[in-house]
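The values are calculated or read from the model by the stated rules, or taken from the named source; none is laboratory data. None of the values given here were measured: they were computed from a predicted structure. With ideal geometry, Cβ positions are generated from the backbone for all residues, glycine too; neighbour counts draw on all protein chains shown. Surface accessibility is based on the protein's heavy atoms, side chains included, excluding ligands, DNA and RNA. Shrake-Rupley method; radii C 1.70, N 1.55, O 1.52, S 1.80 Å.
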Amino acid sequence: MAEALNIVGAGPAGASAAYAASKLGFRAVVYEANPRPAVKPCGRGIPTLSNLPFDVPKERVIADIKGAVLYVDGVKSVEVRDTVRGYIVDKEGMIRDVIASSGAELYTSSPYNASNGTVKVNGQVREVRTGLLAGGVAFYDGEKIYGVQAIVRAPKLESMDYLYIDFDTSLIGYYWIFPAEEGVEVGVGGFESPQRLRELLERYIEKHKEMLGSYSILSIAGAPIAVGGVSTGSVRGLFKVGEAAGFVLPLTGEGIRPSAISGYEAARAYLTGLDVNSVLESLNISRVVRIHRSILKALKGMSPERRRDFMFEIPAAVHEEVALGTMNINRIVKALASKPLLAAKIMKYIMIS
């Protein structure tokens with residue numbers, strides 16, 4: 001076993017892997033293709049009950065989330081307060097903090113070449129033949145959708161402390177409005193082309209101008225999102241972790257927490273001589289991903305009308321348990337007690353995993 005753990009990718013998985021290495025007395029070397037870590041646009045949300053392997057620094061919390069409201073095709077379905085808690089974080093700052101606390105060497109602008117197993121660091125080529133591949137969705141071989149997100153200055157939502165989510169039955173995806181550092185993040189993700197999603201996003205923002213106030217769009221960016229479920233494996237001796245291995249919740253697109261957990265546990269397994277892929281596949285977060293995937297597959301097989309009815313049928317408590325990944329069976333069963341047919345379907349999705 002090498003003294004240093006090689007990690008390709010400085011996202012949540014790569015940072016958590018470096019953190020795990022430090023806990024075990026190893027040093028890590030992290031290679032990031034981009035000039036900065038964590039450049040992929042995302043909602044930056046982390047549930048309070050997240051089982052993250054590290055503490056979120058208080059100074060990296062942008063907003064303290066105290067609830068959520070869910071719409072289906074623009075019609076209000078569920079609103080919860082206090083039972084859904086979490087943070088919107090400065091993802092780049094948080095990841096830099098985690099890597100720094102691990103004592104890892106971080107090399108940015110150092111892309112990995114999967115065709116020959118090398119990285120380029122300051123113009124010099126290095127072989128990287130062992131370690132972890134946390135390079136993100138580019139290395140994922142399962143189903144993907146696309147997401148597009150705008151940073152919007154919105155005076156009316158300056159003190160926003162909840163998540164605004166709108167499920168679109170035709171996209172089989174979501175629009176969202178989350179707090180951000182410079183206003184709010186307004187995004188859309190689903191089974192459509194990037195260009196079409198951008199058009200839909202711009203239309204959605206205009207449609208919600210009364211809610212946003214005298215808004216201005218500061219930036220728009222997009223990226224693919226892994227929704228095909230966990231797919232472990234390796235590339236030229238590097239074990240895939242994070243989004244490269246599908247650690248994203250397919251229904252919600254949440255990726256920071258699943259990726260971070262996978263990176264931490266993969267590093268622990270690798271450095272203690274365990275089978276990395278077996279450890280990853282046995283994680284509880286892998287089970288949650290499988291449940292999300294089974295529900296998404298079912299939704300894809302429904303007509304838009306049936307999807308709409310299904311989403312409205314689901315009680316708030318079940319939405320919470322699935323979205324947060326807590327999967328408290330007793331709470332789910334209790335919430336579905338008066339809906340035996342729906343209960344049978346939901347439990348099938350949960351137990352099949």
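Taking 45 Å as R0, compute the FRET efficiency from the Cβ-Cβ separation of Glu181 and Val235 and round it to 0.05. Don't skip to the answer; put the middle values down first.
Working: r = 34 Å, r/R0 = 0.77.
Calculated transfer efficiency: 0.85.
With n ≥ 4 as the cut-off for DSSP H runs, can you work out [θ] at 222 nm for the chain, using -39500 (n - 2.57) per run divided by the number of residues, rounded to the nearest 500?
Values: 11 runs with 120 residues, N = 353.
Rounded to the nearest 500, the figure is -10500 deg cm²/dmol.
Rounded to the nearest percent, how much of the accessible area of segment 264-353 (1.4 Å probe, protein heavy atoms only) is carbon and sulfur? Don't skip to the end; give the middle numbers.
Working: 2500 of 4400 Å².
Answer for segment 264-353: carbon and sulfur cover 57 percent of the accessible area.
Amide H to amide H, which residues 5 or more places from Arg44 or on other chains are under 5 Å from it, using H placed in the peptide plane?
Those qualifying (amide H under 5 Å, at least 5 residues apart or on another chain) number zero.
Compute the accessible area per residue over segment 63-158, keeping the other protein chains in place, probe 1.4 Å, unit Å². Spell out each step's value before the answer.
Details: 4410 Å² over 96 residues.
On a per-residue basis, segment 63-158 sits at 46 Å².
Counting only DSSP beta bridges with both residues in the chain, tell me the antiparallel percent, nearest 5.
Working: 50 of 68 bridges.
Of all bridge pairs located within the chain, approximately 75 percent are antiparallel.
Kindly state, to the nearest 0.05, the FRET efficiency for Asn284 paired with Met211, given R0 = 45 Å and r defined as their beta-carbon distance.
FRET efficiency, Asn284 to Met211: 0.75.
Would you look at the GNM of the chain, springs on alpha carbons closer than 10 Å, and say which of Leu251, Leu271, Leu283 moves the most?
In the Gaussian network model the winner is Leu283.
How much length would be gained if the chain were fully extended between Leu274 and Ser170, taking 0.36 nm per residue of separation minus their Cα-Cα distance, in nm to one decimal? If you can, show how the numbers build up before the last one.
Working: separation 104, 0.36 × 104 = 37.44 nm, distance 4.36 nm.
Net length gain for the segment: 33.1 nm.
Mind checking which of Arg81, Arg257, Arg44 has the largest fluctuation in a GNM of the chain, springs on alpha carbons under 10 Å?
The residue that fluctuates most here is Arg81.
If you place +1 on the Cβ of every Lys and Arg and -1 on the Cβ of every Asp and Glu, how big does the dipole about the Cα centre of segment 212-353 come out, in debye to the nearest 20? Mind dumping the intermediate values first?
Values: 17 positive and 10 negative charges, 71 e Å.
So the dipole magnitude of segment 212-353 works out to roughly 340 debye.
Magnitude of the Cβ-charge dipole of segment 252-314, K/R +1 and D/E -1, about the Cα centre, nearest 20 debye?
Working: 10 positive and 7 negative charges, 39 e Å.
Charge dipole of segment 252-314: 180 debye, to the nearest 20.
So if I place +1 on the C-beta of Lys and Arg and -1 on the C-beta of Asp and Glu, and nothing else carries charge, what would the dipole magnitude of the chain be about its Cα centre? I want it in debye, nearest 20.
Numbers: 41 positive and 37 negative charges, 135 e Å.
With Lys and Arg at +1 and Asp and Glu at -1, about 640 debye.
Would you mind pulling out the separation of the Cα centroids of segment 257-273 and segment 127-177, in Å?
So the two Cα centres are separated by 22 Å.
Along the charge dipole of segment 83-194, pointing to its positive end and built from +1/-1 on Cβ of Lys, Arg, Asp and Glu, which listed residue (Gly142, Leu106, Thr130) has its Cα farthest out?
Farthest towards the positive pole: Thr130.
Quick check: residue separation of Lys23 and Thr48 times 0.36 nm, minus the Cα distance between them. What number comes out in nm? Present the calculation step by step, with values, prior to reporting the outcome.
Details: separation 25, 0.36 × 25 = 9.00 nm, distance 2.30 nm.
Once the chain is fully extended between Lys23 and Thr48, it gains 6.7 nm.
Please give me the summed charge of the neighbours of Ser282: other residues whose Cβ is under 11 Å from its Cβ, Lys and Arg +1, Asp and Glu -1. Display every interim value, and only then the final one.
Details: positive: Arg287; negative: Glu265, Asp275, Glu281.
That works out to -2.
What FRET efficiency comes out for Glu105 versus Lys58 if R0 is 22 angstrom and r is the Cβ-Cβ distance? Round to the nearest 0.05.
Working: r = 27 Å, r/R0 = 1.21.
The value I calculate is 0.25.
Using a cut-off of 13 Å between beta-carbons, work out the net charge of the residues near Glu192 (Lys and Arg +1, Asp and Glu -1, Glu192 not included).
Numbers: positive: Lys144, Arg196, Arg198, Arg203; negative: Asp168, Glu199.
Here the count lands on +2.
For segment 221-353, with the dipole built from +1 on Lys and Arg beta-carbon atoms and -1 on Asp and Glu ones, taken about the Cα centre, which of Ile285, Leu274, Val322 lies farthest toward the positive end?
The residue sitting farthest along the positive end of the dipole is Val322.
Once you put a point 7 Å from the Cα of Asn122 and another 7 Å from the Cα of Ser303, both along the Cβ direction, what distance in nm separates them?
About 6.5 nm separates the two model spin labels.
Do the alpha carbons of any pairs in Lys66/Lys91; Lys91/Lys240; Lys58/Lys334; Lys58/Lys209 sit beyond 25 Å of each other, and which pairs?
On the way: Lys66/Lys91 19 Å; Lys91/Lys240 21 Å; Lys58/Lys334 36 Å; Lys58/Lys209 32 Å.
Over 25 Å apart, Cα to Cα: Lys58/Lys334; Lys58/Lys209.
Using 7 Å Cα-to-Cβ label points, what is the Gln195/Ala343 separation (nm, one decimal)?
Between Gln195 and Ala343, the label points sit 5.0 nm apart.
Give me the net charge for the shell around Ala4: Cβ to Cβ below 10 angstrom, other residues only, Lys and Arg +1, Asp and Glu -1. The partial results should precede the final answer.
Working: positive: Arg27; negative: Glu3, Glu105.
Taking every other residue near Ala4 into account, the sum is -1.
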